[in-house]
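For reference, the structure discussed in these notes is given below.
The values are calculated or read from the model by the stated rules, or taken from the named source; none is laboratory data. Keep in mind the model is a prediction, meaning the values are calculated, not measured. A quick note on method: Cβ atoms are made from the backbone with ideal geometry, for glycine too, and the neighbour counts reach across all protein chains shown.
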């Protein structure tokens, strides 16, 4: 039974998702001791060749997948409208080389061994529905996909085995993607950009929730939380409420800070 | 033991709703499917097991017409009865519930759901119950069998409704309702008789989907759920918004039918 992480990394004008993937793979190796497969495009690989010539050694396998379509989204409080390549995530089932896979976003700062607790579960599919900000507050936008619609699930972290059930789930994600503008109308969500969290949520709902949920909370830092320090024991943010030290895996909305941190470590 | 459902339908609107209710029970229930109606209207007799007339109208001067509901115990033609509200529809088979009901003399609904299947907690309509530590019971689906304790219970409910002000001053002084409410009267009776543990199920049923607008967990209040949520009837399913509905729907809004 093979086990490993799968990450997707496609750079845009400002954010080197390739670099985020390399840094995260190093953390996964160090803390979780598991292999990582990266899915990227040639441009991202070329960029990494310049930034980190030995980047391939961080990964178990490298899968090249050119981004067939792009969309744009705002990063931060409306500051930067950048291209966003996130449309191949539904291919994870076809791509993964592992029997058990944790599909994870590159902007998750791994600090604990929590994710290793998911391996060997009796469930075929584990999805994430529990999340709070750094102060433990839950927002309604991460409870329902819209006020009157269905339950919200994060696509940010997901565990799956290669089974018929999960194949069906990922096929359903592709169907949702193909019919997204209509489904966006039905579920009262924006039609652009396509959001994988919504694709996950709609697919799960339409299949009658063939998944269990990840038993721990996904902590996220917002665009307003400034990353100021990382150590082996915690990561510190400057927030509206002062300095906040976190010893937990954190989903970083503010990719700029993460890139800055990685660049400092490189220096 | 004879078993059946019983509904009160006073006034034209409720009479028509009770007919829809009768259709839905016939179409979905594999077990108990008899429904009798207590009414002051002409109804389609073929839909009902028995049509019982309201002889003495206790609600003649009442806007909400709920005072006659204290007569359920005396008027039921069944030894085991489930009383229902007229503005309900059965959407799937709940016949297996009756097996569990046999263990009880009286069983009140205390868990109701939103259209998204979430348990309703801290409903803004339930301040009287919360602030007066009354059991959070819903009379819209209530089981009882003829017995000494249920006779006593309904007699007490009747007394509370008839002397509403006196009882509410004592048992629900906070957020007190000016007009009689069967839910509150039953809650007070349960509290006085100290039978809460005997009349509330530990299981997830009986339950129903309660479509009171402000209970749905929506960020915006819309006054009527029918203004903002679509209802869709397919060949084999019924949906509100994106959610397939099963069990019993208490649709509340009269324009829904």
* **Residue that is surrounded by the most Cβ atoms within 10 Å (Cβ to Cβ), among those in region B:201-221 that are over 23 Å from the mean Cα position of the chain (by Cα) and facing chain A (nearest Cβ under 10 Å)** => B:218
* **Flag for residue B:175 being over 21 Å from residue B:7 (Cα atoms) and within 14 Å of chain A (Cβ to nearest Cβ)** => no
* Condition met for residue A:93 (within 23 Å of residue A:212 (Cβ to Cβ), surrounded by fewer than 20 Cβ atoms within 10 Å (Cβ to Cβ) and in contact (Cβ under 8 Å) with a residue 24 or more places away in the chain) -> no
* Single match in B:173, B:180 (criterion: outside any helix (DSSP H, G or I) and surrounded by 20 or more Cβ atoms within 10 Å (Cβ to Cβ)) -> B:180
* To do: Being surrounded by fewer than 20 Cβ atoms within 10 Å (Cβ to Cβ) and under 24 Å from residue A:225 (Cβ atoms) narrows it down to one of A:46, A:72, so name that one.
  => A:72
* Output yes when any residue across region A:218-229 is modelled with pLDDT under 95 and in contact with a helix residue (DSSP H, G or I) (Cβ under 7 Å, 6 or more places away or on another chain), and no when none is. => yes
* Asked: Does region A:88-103 contain at least one residue that is under 18 Å from residue A:217 (Cβ atoms) and either modelled with pLDDT of 90 or more or in a loop (DSSP other than H, G, I, E, B) (or both)?
  -> yes
* To do: Tell me the helices (runs of 4 or more DSSP H) entirely within region A:140-228 that contain at least 3 residues that are farther than 21 Å from residue A:249 by Cα and within 14 Å of chain B (Cβ to nearest Cβ).
  => A:180-187, A:196-206
* Would you mind finding the one in A:214, A:259, A:157, A:246 that is crowded, with 16+ Cβ neighbours inside 10 Å and out of contact with any strand residue (DSSP E or B) (no Cβ under 8 Å at 6 or more places or on another chain)? => A:259
* Please enumerate the residues belonging to region B:20-32 that are free of Cβ contacts under 8 Å to residues at least 40 places away in the same chain and surrounded by 18 or more Cβ atoms within 10 Å (Cβ to Cβ). => B:22
* Assess whether residue A:82 counts as being in contact (Cβ under 8 Å) with a residue 24 or more places away in the chain, more than 15 Å from the chain's Cα centre (by Cα), surrounded by 18 or more Cβ atoms within 10 Å (Cβ to Cβ) and away from chain B (no Cβ under 14 Å). => no
* What number goes with the only condition from (1) at pLDDT 95 or above; (2) part of a helix (DSSP H, G or I) that residue A:122 does not pass? -> (2)
* Hey, among the residues in region B:112-128 that are outside any loop (DSSP other than H, G, I, E, B) and modelled with pLDDT under 95, which one's nearest to the other protein chains (Cβ to nearest Cβ)? -> B:119
* Hey, any hits in region A:122-137 for a residue that's within 14 Å of another protein chain (Cβ to nearest Cβ) and either free of Cβ contacts under 8 Å to residues at least 24 places away in the same chain or touching a strand residue (DSSP E or B) at 6+ places or on another chain (Cβ under 8 Å) (or both)? -> yes
* Structure fact -> Among residues of region B:222-238 being exposed (fewer than 12 other Cβ atoms within 10 Å of the Cβ) and more than 18 Å from residue A:206 (Cβ to Cβ), the residue farthest from the other protein chains (Cβ to nearest Cβ) is B:233
* Asked: Any chance region A:149-168 includes a residue that's more than 20 Å from the chain's Cα centre (by Cα) and within 20 Å of residue B:241 (Cα to Cα)?
  -> yes
* To do: Could you check residue B:242 against (1) closer than 30 Å to residue A:206 by Cα; (2) in contact with a strand residue (DSSP E or B) (Cβ under 6 Å, 6 or more places away or on another chain) and say which number it fails?
  => (2)
* To do: Kindly provide the set of residues from region B:210-233 that are assigned to a loop (DSSP other than H, G, I, E, B) and at pLDDT 85 or above, ordered by number.
  => B:211, B:212, B:216, B:217, B:218, B:224, B:228, B:229, B:230
* Could you tell me whether any residue of region B:188-198 is touching a residue at least 40 places away in the same chain (Cβ under 8 Å) and within 11 Å of chain A (Cβ to nearest Cβ)? => no
* **Tally, over region B:186-209, of residues that are in contact with a strand residue (DSSP E or B) (Cβ under 8 Å, 6 or more places away or on another chain) and either assigned to a helix (DSSP H, G or I) or farther than 30 Å from residue B:90 by Cα (or both)** => 4
* If you take just the helices (runs of 4 or more DSSP H) that sit entirely in region B:1-107, which of them hold at least 2 residues that are farther than 25 Å from residue B:159 by Cβ and either over 15 Å from the mean Cα position of the chain (by Cα) or at pLDDT 95 or above (or both)? -> B:12-28, B:97-101
* Structure fact -> Scanning region B:239-256 for residues that are farther than 9 Å from residue B:211 by Cβ, in contact (Cβ under 8 Å) with a residue 24 or more places away in the chain and either within 11 Å of chain A (Cβ to nearest Cβ) or surrounded by 17 or more Cβ atoms within 10 Å (Cβ to Cβ) (or both) gives B:241, B:243, B:245, B:247, B:248
